[in-house]
Each structure stands twice: as structure tokens, then as C-alpha cells.
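Have a look at the structure below, then the notes.
Values quoted throughout were computed directly from the atomic coordinates according to the rules given, and no laboratory measurement underlies them. Since this is a predicted model, take the numbers as computed values, not measurements. Cβ: placed from backbone, ideal geometry, glycine included. Neighbour counts: every protein chain shown.
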Amino acid sequence: MASAQIVNLFKSFGKVQAVAGLSFEVADGEFFCLLGPPGAGKTTTLRLIAGLEKPDSGQIRLGGESMNGVHPMNRDVAMVFEDVALYPHWTAFDNIAHPLKLRKVPAQEIRRQVIEVAEMLHITHLLDRKPGTFSGGERRRVALGRALVRRPRVLLLDQPLTDLDAKIRQEMSNELKRLQVETRQTMIYATHDFEEAVGMADRIMVVNQGKEVQTGTAEEIYETPQTTFVATFVGTPAMNLIPCHAAQEENRWSLRHPDFHINLPAFGELALPQEAIVGIRPEHIAVTSESDPRAIPVRVDIVQILGDEQIVDLSMQSGVVVKAILPLTIDVRPGDQISIRFPLERIVLFDGKSEQRIVLPAR
Amino acid sequence: MADQQNMLIRLERLRKEFNGVIAVEGLDLDVVEGEFLCFLGPSGCGKTTTLRMIAGLETPTAGDVYLRGRRITHLPPQQRNVGFVFQNYALFWHMTVYENLAFGLRVRNVAPADIDHRVKEIAASLELTDVLHERARRLDLSTMQRVAMARTLVTDPEVLLLDEPLNNFRPGLREMMRGELKRWQMHLGRTMIYVTHDQEEAMTLGDRILVMNAGRCAQLDTPRHIYEHPANLFVASFIGRPPMNLIDVRYTVEGEKAFLVRDSLRLDITPLREKIERALAGETQLVLGVRPEHLSPGPFPEEGWVQFSLPAVVDLVQPLARKKFLDLKIGDALIKMVVSGTAPFRQGERFPLGFPLHRIHLFHPTTEEAML
Amino acid sequence: MRKMNGSQILASSIRWLIGLLICIVVMLPITWVLSISLKPPEEWVAYPPTLVPLKPTFSNYIILFQPGNPVGGIAEMVSSAEPVTRAFINSLIVVPIATAASVLIGFLASYATVRFQAGGATLPLFVLTTRMFPPVAFAVPLLVYFRMLNLIDTQLALILMYTGFTIAFSLWMMRGFIEGVPRHVEEAAILDGASPWRVLLTITLPLVRGGLAATGLFVFILNWTEFLLAQIFTSREALTIPVQVSHYVGAVGRFYGPMAALGIVASIPVVVAGYIIQRYLVTGFTFGLVRE
């Protein structure tokens, strides 16, 4: 196990710039997540770390040792692929034992270690069978076993849970997190699913078009997205983004939209661009009474029930549609006219042009 | 039924066997015109078989299918006027959107002028006019979904049957496509029957849901009612994520008070005493059900809440985007609880656990039916 | 079980009838050859022909191995022919070696072209050009070369030519199989710490075993039946079975009996080889399904 430092990594395939100057550090024993849409460069980054691709430029260091020019077989890195990639002609035991056999570990010791890993992953009953008949979850467990058995410096996971159905995905991600905590194995995990990342990662790096967008804990990324990209990419349903005009009246700013005005409290020094974007998460939209001065009248379009909550599509008079998550105790039906408000403390502001977050100074 | 007019499809004692294995057993169902009905159940519960019998792709072993009061049990699919949307949409990749839409009409030998008219009409209603001459393989997914619907709708079917169309899309995309589908269904006002094994999909899409288990109807109702009043243990454990906590308990009475007991864990349910005793009819074993999202840490208001006699211990905290799932140990029972994402729970923490009394679910241990 | 009604019975009997007809059409030539090989000379071209020999005899087979044997009275007609033993031994040496060499080289070459894009996109096409000319076009230059190398009428000459002419075939056929091995499986093995050669031998090779068997069988059949080059480059020492068949043509006419008998005998090794590798063929064509 070891730390990993990636410095200014570039990789292109023909005209496509897959990785465009990524730098990050993963601490020894950390669970680090690369989060981004398909094509963001996550998989390429993992393959560069593994040595399966050669970088155009940049440094990769594992445990302080430069990996540039080191053949993948000698990097001591394990990878779990999206399609799992077990050796179909061998039993699960031989699959897991393979890296140990290559390291000339004595047969008895191999047996002990494989069984230990298999017990940890609850797959001892599969050891004598070939992967052909395994379920999706079983395959992942065996692949994890093969990757974990030799305690690599870094374990790379390339969207290993993508094809599983919701329930098994949940189980597997719980298990993976538990394993990581128990073994303190350094892991770099690529995914496009924020929920998956939240449940496991110590830190998350959001990438898009081969570049870093934001790095932080799940909470930081969810609560304070630095760009509109992060705001819409993270969370389902996504954060509502409503373009507004910012106007100054004396020393106060107000955000104007045909359907509503939001008056910001007096901040000391604050300069807003003329075009701003108001961001609000669906769960922060509150239902209020008609008499509320901040009330925004809306019509209920669609109601989707989700556990003790409901996702409600609301259309404002100008036709702008926002999604709100309301408790199931509020009885709304398509066609209803209701009033909502955007709690001031929950609003995130973005610059309409650069799409970067505008940090409001503390009062 | 009073409103025969609205009844589009009726299934009567429908039954299907495959080589002696019963897939569907005595299913009765009325599909109301214009509704979005979901068939929900685990794989092998008979939901797809039922859909295929409505489409005419399977012949029932017994029972009947009616469309607008007409018996169509043995009518071949092409004479039924039902539309079938396949998994992953199965568009013709090499054709333009226009050709995709026209295909169904051409094979039915519709006059070319009519074809053009109907293709353009349906394209307009699904906002496809701009992409009519694009090749199908170049479309984005949400457009593909609309093309798939349009292709089926162009022959003006009475009902659209959808067999897990979103199955192979990645999470995230699924939710988006789901919202779109719901929007278009409401816009078009068409009757749709949608088969899925994903309870979240059924809950968010369906006006009504038919929950199926082992070839039978487990419950047929609105999503809200199914969530709040599951009719039996199967529905209770199938609906909701994470699923409802189910704990085997014993009913005892001490003086004026009534308790649900499991070893040293007790729950005072005196206010429900009469109801429970009537339902139990002498039994003492039953299953207690509480949804993870209805549990809450103390302190609790006096009225309308119940509290477990033992504190809960946090075994595992699993953060999600807006929420956290907690694994709790209470006595020897393992239960799940959902709290908001900002709630500061830590592993090993102890706290009193309770829930609003009206959120309690009780099930009969042998019939597995809901008791309250 | 379902009971069949009248129309279903009719439909199923029609299906059977059509199947039977196809079988007869397919099997007829083979049956005919077998039939002739058991007929005495007067029945070879008798009219009307009979499928079952009137006076069945093994004399055609005996003649193959003992050209001078007077049995059946064919001996005088074909006295010039050698016993087939030499041709048989030649074929059994030349064809398996050439096949093995072709499949091995083809496998390695196609692995290199698929995984490492060796030679870019053009190499596989370039290799294919060897099949674009009629082999006879190569015969004259090759004849000159082989004469200089003193290889005329040797087994080595045939082995070299058969290997060369079938490499294109092996390479192209193996490409499909190698492309079917998920790249990630090989990469996983490299990250496990296996060297590229080890990956090739312990992961890729076992996974394309079926493909190798299928390719091998096709190449074997191509070589086993090759006539033109063998006819040109061999005379006595290195002649192969197809050449030997042609020797049963004399001034008087074609000696159909011994030709047919030799055809039957010559097909035995191919049938046996096909039977042995049949198991691998099946696994070879399904391994791709191991993935989810």
C-alpha cells in the first residue's frame, strides 16, 4: 500500500484530449473517487496510473517512486475493470491465486491467502467453479479478491458496479467500503454516479473533459458546487438553475426574474455580474402560503412518489419548470396551484457567463 | 363496474402455464383508459407474461382478455391494435427517423399520402419534426425514447405496452429518461402499461401499480396507498429503499398495557390494543413493520409516538447524496434507518429510537396479510 | 406434452420430408464414390447406373496397395501406378507440418496485428495479396528458386509452399478469435505481474484454443487436397495423394474404381481429425459468451 501523486498529466488519442493536465494526490490508505460523465477521462487516468497507456507528459509517483517508464507488470498496481475481466478458463481459486503464483509464493501460502480473501468476500463456495455461471455480484467479488489478495500499492477500480441492479450495487458498495476501512488499502475509484461516490469516498474529484473541476468531500461538493457543471451533475434530480438579472438598489442587491424577486441582505462589499444564475436544490424548495411576500405561484405538473417524498415538477407563470422534493405529507396533484419560496440561506449563486460560483461574503 | 366506458382492457381469471410451471394464476384486472399502469414484481413473477398475453404474443392457458368489452383472447397480435415498445427501443439504426416512423404504416399498406400525413402529425406531437431526417443512430437518448414511442403510436394503438424499456440504461440516465417518459405520457394522454422490476420506477411513473408475486396480484393501488398501506409482507418488503424493517415479535398484555416483545426489547402499543386483539384472534406471534424513514431519534412528543425500550446503537453509517442510511442494532435486531444527510451520526453512537404510532405496520405471521 | 392436430401433423411431416431430401442431395456424391469404389470395372460406367454394386468387390482397394495384384483384372490397365503407400506417407508428413506451421505463424502474426497494430492497418491486407493471384502464377518463379536450392521433388518444398500459401488464411481467421478475447482480461493478467509472453501462453492461447482448432482443420483440408503445386513440384519421391489419384488416368480411360477407393481412403484422416477436434470447435465458438 502506498500513496499516489499525479502531476500535470496529459494524454490524447489522436485529436481527442482525454486527460488535460490533471494533478492530484491520494494519501496512503485513502479512498479517492474520480467522478465525471462518460468521456471525462476517468478511465484513461486509471489506465495511465496502471501503465496500460503511456502519458503524453506528466508524472506518476506511487509510494514516492516515479512510475514513468516502469512496465505495468512491475508497478504493483491492481485494477478492477468495468467488465470485470476474469480469466474464464480458470476456477475462481486460480483466478485469485494468479498474482501470487506469478510472485512464486509457496503453494501452501497461496492457499491460505486465497481462502482468507475469499472468506472476507464471502465467496468460499465459488472457489472451485469457473466464472461462466457466476452472477454479476459474484464476478465482482472474485475480481476484487484477485485484486486484493496481493495488497497492491494502489487498487484502481473502473466503474466496477455499473452493470449491477440497484440492490446488489448497494450491497457491493457497502461491502467495498467496509473492506477498504478494514484493509486500509489505497483505492482510486472511477464512477459517474455521485451516490456511489458519496457512500465510499474519503474525497471526490469531479472531472470533466479531462480537467479537474472541483475536489473535496462529498458534502462540500454537494452543498457548495463551484460551477454549474458540478451543480447539475451531482444529485438527482439536479439542482435547479434559474438565470436572473442582478440589480443594485442603494447598497442592496436584488435578483430579478419575471416570476420572482430575491432581495439579498445588505452585504458590505459585493459586486455581482448583471447576469447571474440562482441555484437551488429540489429538496430546499419550501411550500408556503399565498400571503407570504416571497411566495412564487406555481402549477403542479407531474408528481412522482419516492418513498416518503415526492418529486414534483412545478411550472412558473413564465413557463420555467423547477423540480422540488416535497414530503409525502403535503398532498399535491397535477394541476394544483401552490406557492413556493426559495429559502435565502439555501441559494447558491453563479456567474451567468463564467458559470463559476459567486461566494457571498459572510454577514 | 359503473364506468364501463372508461374500461379499456379487462383480464378475467387469466392463467398461463409453461410446461406445467404456472407463470400467471387467476389474474383479474381492469385497465382504465388514459392511465399509466405499472406491473411491478421480481423476475419470474409473471408480469412480462401478462403483458405478452395482452399483446397476443402468448396465448393464455385459461381466462380471457377483453379490449373495450370485446373478447380478444385468441386474436393474433397484429389484429389487436396494441403497441409494444421493446427494451432499448430497438430502433432501425440505418434508417432516418421518418423511415422509422413510416415503417409500421408501410407494412400495413397504408396509402403514401396518409403515411406522410400521420408521420408528420405524430412527429409534431412528440417534438420530433426537426430530427425527422436524422439517422436513428445519431440521436441522443431522450430523442430515441420519443422516436420509439412515436413509432409505436403512429399506428394509433389503443394501448402502449412497455417491457422494461429503461433496463439497460445507466443509473442517472434512467432517472432522467423516466421523468421524460412520464411527461410525455401525461402530454399524450395515452394508456400505458409498463413492466418493471424496479420499485422506484413503478412508484414514480405509475398512476396505479399492480404488484405481482408468484403469478398472482399482491396488491393493486396507487403508489401512495401502496407505500402507506402495503397489503401484505411481500409488498411491504418489496416497496421502499431501503425496504421496510420487519421484526418478529410477540404480543403480550400486562395489566392495562399492551406490548410487542422480542427478548428484552419492548414496544408499548397500548393505544392499538383493541384493534390488534381483534385482528390477532388469539394468536400471539406477529410481524412488526416500520419504514426506515419513519424512525427517528428521541426525544419524542408524548402524544402519538412510540419508543423502543432499548437504545439503538449505530453499526454503520452510509452517506448518500441528501441522506444517510444507518444500520442500527437494537437488542438482537438489525434495522435500517434513514436520516437527513446533515444529521451528525457516528458509528457506535447510542440513542433512543421511536416512530409515530400511525406509521406502524403489523402483519399476520402465517397469512402474511396486513392486520391494521 | 401437447397433442398435435391434423394440420400440425401435416406441417411437421412436410418439414421432415424436406429435411430428408436435403440429406439425400448432400450425401449422394459421397455415397456414389463409396459405391464405385466397391464395383468391378464393368460396373464403373454401366448404364443405367446402380447405387448398390451388383457384384461388390474390394479389388479396387487391393490394387491401391499392390499394383501388380491380378485380382479383378484391373492390374493390366493400371500397371504403371506406384503403390499409394509412398503418397500416403508423404501427405501425412507434409500436410500436418505445414498446417501446424501455418496456424502457429498465423496466430502469432494476427496477435501482433490485433493487439499491437503491428504493421498498421496495411499488413493484414498485404498478407492477403498472396491469395490474390492464382497459385500457378507463382509456380514458374518458385520452380526456378527450388531448382537452385535443389528442392524439387522434396517434402520440404511442399511444406514451405503450403505454409506460405495458407498463412494469409490463418492470419485472417485467427484475427476474429483474438479480437473476441476481452482486452481487459489480458491487461488484468499483466497487472497481476505476468510478462507479455506469459499472458499470451497462459491466458490468450487457452481462450482461442477453439479458434486454433477450427483454423487448423480448415488449413489441413486445404493442404490435404491441394493438387496443382504438388503436381508441378513433385514427380516420384514427394508425390502426395491428390497427385496419386491423377495417376489412375491412363491411355485407355479413367480408372474410376481405384480413384474412388483412394478418395475414400484419403478422406479417413480428415474425418478422424475433424472428429477429434470437434469438442474444441464447440468451446471455441462459445467462449465469447463468458462475459456478461
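Taken along the Cα-to-beta-carbon direction at a fixed 7 Å, the label points for B:E283 and A:H245 span 6.8 nm.
From the convex hull of the Cα coordinates of segment C:224-266, what is the mean projected area in square nanometres? Don't skip to the answer; put the middle values down first.
Numbers: hull surface 12.9 nm².
In nm², the orientation-averaged hull projection of segment C:224-266 is 3.2.
Within the straight-line cut-off of under 20 Å between alpha carbons, the lysines reachable from C:K55 are C:K39, sequence neighbours fewer than 8 places apart in one chain being disregarded.
How do C:C23, B:C45 line up, fewest other C-beta atoms within 10 Å first?
Working: C:C23 10, B:C45 23.
Least crowded to most crowded, the residues run C:C23, B:C45.
Going from the fewest other Cβ atoms within 10 Å to the most, the residues A:F31, B:F36 appear in the order B:F36, A:F31.
Computed from Cα positions, the angle between helix C:209-224 and the longest principal axis of chain C comes to roughly 30 degrees.
Panel note: the C-alpha atoms of segment C:36-167, placed on their principal axes, show extents of 63, 37, 25 Å (largest first). Here segment A:75-119 is described by how far its Cα atoms reach on the three principal axes: 31, 25, 20 Å, from widest to narrowest.
Cross-link check: pairs A:K11/A:K211; A:K11/A:K54; A:K167/B:K47; A:K323/A:K353; A:K15/A:K211; A:K104/A:K130 evaluated at a Cα-Cα cut-off of 18 Å; pairs beyond the cut-off: A:K167/B:K47; A:K323/A:K353; A:K104/A:K130.
Take the Cβ-Cβ distance between C:L104 and A:T133 as r, set R0 to 45 Å, and report the resulting FRET efficiency rounded to the nearest 0.05.
Numbers: r = 33 Å, r/R0 = 0.73.
Taking R0 as 45 Å, the efficiency between C:L104 and A:T133 is 0.85.
Segment B:4-32 and segment A:1-33 have Cα centres separated by 56 Å.
Helix-only estimate, please: 222 nm mean residue ellipticity of chain A, summing -39500 (n - 2.57) across DSSP H runs of length 4 or more and dividing by its residues, to the nearest 500.
Working: 8 runs with 84 residues, N = 363.
Roughly -7000 deg cm²/dmol at 222 nm, from the helical runs in chain A.
Within 10 Å of each Cβ of B:320-330, how many other protein chain Cβ atoms are there on average? Present the calculation step by step, with values, prior to reporting the outcome.
Working: counts 8, 15, 11, 5, 2, 3, 0, 1, 0, 0, 0.
That works out to 4 on average.
For B:K257, the aspartates and glutamates whose Cα falls under 14 Å of its own Cα, not counting residues fewer than eight places away in the same chain, are B:D268, B:E274, B:E277.
When Rg and the Kirkwood Rh are both derived from Cα coordinates, the Rg/Rh ratio for chain B amounts to 1.06.
One quarter of the convex hull surface, Cα atoms only: what value does that give for segment B:119-192 in nm²? Show your work: numbers first, answer last.
Numbers: hull surface 19.8 nm².
Result: 5.0 nm².
Taking only the alpha carbons of segment B:148-242, we obtain Rg and Dmax values of 14.1, 42 Å in that order. Three principal axis extents of segment A:291-363 based on alpha-carbon atoms, in descending order, are 39, 28, 26 Å.
Kirkwood radius, segment B:329-372, all distinct C-alpha pairs, inverse of mean reciprocal distance: 13.5 Å. Look at the Cα gyration tensor of chain A: its axes a ≥ b ≥ c give a/c of at least 1.5 with a/b over b/c, and that counts as prolate. What FRET efficiency comes out for C:L10 versus C:R279 if R0 is 30 angstrom and r is the Cβ-Cβ distance? Round to the nearest 0.05. It comes to 0.15. In terms of its alpha-carbon gyration tensor, segment C:155-196 comes out oblate; a/c meets the 1.5 threshold, while b/c is at least as large as a/b. Calculated mean residue ellipticity at 222 nm for chain B: -7000 deg cm²/dmol, from DSSP H runs with n ≥ 4 weighted as -39500 (n - 2.57), summed, divided by the residue count and rounded to 500.
Values of log10 I(q)/I(0) for segment A:35-95 across q = 0.16, 0.22, 0.24, 0.25 Å⁻¹ run -0.65, -0.98, -1.05, -1.09, by the Debye formula with one identical scatterer at each alpha carbon and no solvent. Simple point charges give the picture: +1 on the Cβ of Lys and Arg, -1 on the Cβ of Asp and Glu, and for chain B a dipole about the Cα centre of about 760 debye. Here the mean projected area of the convex hull built on the C-alpha positions of the protein assembly as shown is 59.3 nm². Using a basic spin-label model with each label point 7 Å from the Cα along Cα→Cβ, how many nm lie between B:S142 and B:R224? Taking the two extended label points, one gets 2.7 nm. For segment C:203-246, chymotrypsin sites (Phe, Trp or Tyr not before Pro) meeting the loop criterion (DSSP other than H, G, I, E, B) and having at most 13 other Cβ atoms within 10 Å: C:F227.
Averaged over the residues of A:129-140, the number of partner chain Cβ atoms lying within 10 Å of the residue Cβ comes to 1.
Restricting the calculation to Cα atoms, every distinct pair contributes to the Kirkwood radius of chain C, found to be 22.6 Å. For segment A:56-197, the calculated P(r) over all alpha carbon pairs, in 10 Å bins from 0 to the bin holding the longest distance, is 11, 41, 35, 12, 1 percent.
For segment B:63-118 and segment C:137-206, write down the distance between their C-alpha centroids in whole Å. The distance from the Cα centre of segment B:63-118 to that of segment C:137-206 comes to 52 Å.
Residues A:D158, B:D207, B:D163, B:D130, arranged from fewest to most other Cβ atoms within 10 angstrom of their Cβ, appear as B:D130, B:D207, B:D163, A:D158. What the pair-distance distribution of segment C:1-40 shows, using all Cα-Cα distances binned every 10 Å from zero, is 25, 29, 21, 16, 8, 1 percent. All Cα-Cα separations within segment B:205-327 were binned at 10 Å from zero, giving a P(r) of 10, 33, 36, 18, 2, each value a whole percent of the pairs. Between C:P48, C:P182, C:P135, the Gaussian network model of chain C with springs among Cα atoms under 10 angstrom shows the greatest mean-square fluctuation at C:P48. Decide, for segment B:149-201, between rounded, prolate and oblate: order the square roots of the alpha carbon gyration tensor eigenvalues as a ≥ b ≥ c, take rounded if a/c falls under 1.5, and otherwise choose prolate if a/b is larger than b/c, else oblate. It comes out prolate by the Cα gyration axes. Take every Cα-Cα pair in segment B:249-296 and report what % of them are more than 13 Å apart. Of the Cα pairs, 59 percent sit more than 13 Å apart. Just checking the listed ones, C:F88, C:F177, C:F126: in the Gaussian network model of chain C with Cα springs under 10 Å, the one fluctuating most is C:F126. Which residue fluctuates most in the GNM of chain A (Cα springs below 10 Å): A:G210, A:G58, A:G145? Result for chain A, Cα springs under 10 Å: A:G58 fluctuates most.
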